Amino acid sequence: MLKFLVMLASIANCAGGLVLIVTKLVMWPQVPPIVLFIGGSLLIQGVYTILYLRGDLDRWGGLATGALFAGEGISA
């Protein structure tokens, strides 16, 4: 159940990141540039977490887990 909730939150992160990126690209004069960086950060974090939960990063071993916790800690 917890894995499902984290996956759902990661999908929401990706969607939110894409919305922010598209908003910046469509309304570029009215939106500050930081919105693009926040959107990119959300997208990268969401994709990384999804890949981690699916097991696609298992070959990295403990490095993948450390990077996941570091990214989550920084975002908090």
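The values are calculated or read from the model by the stated rules, or taken from the named source; none is laboratory data. Since this is a predicted model, take the numbers as computed values, not measurements. Accessible surface areas use protein heavy atoms only, side chains included; no ligands, DNA or RNA. Shrake-Rupley method; radii C 1.70, N 1.55, O 1.52, S 1.80 Å.
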For the chain, what are the DSSP H helices with axial Cα length of 18 Å or more and mean Kyte-Doolittle hydropathy of at least 1.0? 2-26, 34-54
Within the accessible area of the chain (1.4 Å probe), percent carbon and sulfur: 76 percent
If I take the Cα coordinates of the stretch 1-67 and project them onto the principal axes, what are the three extents in Å, biggest first? 43, 25, 14
Per residue, accessible area of the chain with a 1.4 Å probe, heavy atoms of protein chains only, in Å², comes to 70 Å²
